[in-house]
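One structure is given below, encoded as structure tokens.
The values are calculated or read from the model by the stated rules, or taken from the named source; none is laboratory data. Not measured: the values here are computed from a predicted model. Every residue, glycine as well, gets a Cβ built from its backbone with ideal geometry; the counts of neighbours run over all protein chains shown.
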Amino acid sequence: MSSVAQPPPTTLECGRDLLALVEQVSEGLPPAEPEHQARCGFCQEAIARLKAALGALRDLAGEAVRTPRGLSARVLEQLRRERHSVLIGAGSGGRDTVSEVIVSQIARRAVLAVEAVHHASVVSESRQDGGVDLDVRVTARLGPSLPDLVEELREEVSAHVHALAGVRVTRIDVTVDDVAIDPDD
Ligand SMILES: [Zn+2]
């Protein structure tokens, strides 16, 4: 063991950051290092797993905020499989953090499905007791009362994360960073 600072637990075995791949896949961004990705089995494995997991979520987001029960169960089942599969490619120590990444993505999609939300980011932190704490930051569209919006976000995020990831949300901090008066600007 060296005394050098520990690498982030989301580092793939090739040294690339899994979070960057999550962004790439979920936001449809071009790869930061296309030549490396074209050659790297670790990156390709992770991208394939993320595409499968996030594709299921994207389909879900395309449905409605109120999810049919049967669909939730299928997505949950797939996510559990994919989450486990992603871990294999993520190397040692990645287990919890990969879960956090997926949980963050689920939560973010639940947040974005709320009409009054213009932009959102979510950071999740797993707890020793198996629950997860979420830090949700949004830019809201001008219109609904912010206390009502925050309450709706808490309910939606908690329900989706529990239904899709099987994770108990222990705490949700919602911060409304800004209000978009004209979101098209
Ligand atoms: Zn790689």
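Residue check: Q128 meets all listed conditions (1) over 26 Å from L50 (Cβ atoms); (2) touching a strand residue (DSSP E or B) at 6+ places or on another chain (Cβ under 9 Å) but one, namely (2).
Residues of the range 6-18 that are at negative phi and either at pLDDT 70 or above or within 15 Å of the ligand (Cβ to nearest atom) (or both): P7, P8, T10, T11, L12, E13, C14, R16, D17, L18. Check the range 135-158 and report whether any residue there is among the acidic types (D, E), surrounded by 15 or more Cβ atoms within 10 Å (Cβ to Cβ) and assigned to a strand (DSSP E or B). Yes. One residue stands out in the range 104-125 among those that are part of a strand (DSSP E or B) and touching a residue at least 40 places away in the same chain (Cβ under 8 Å): the one that is nearest to the chain's Cα centre (by Cα), namely H119. For the range 19-42, the tally of residues that are within 10 Å of the ligand (Cβ to nearest atom) and within 18 Å of the chain's Cα centre (by Cα) stands at 1.
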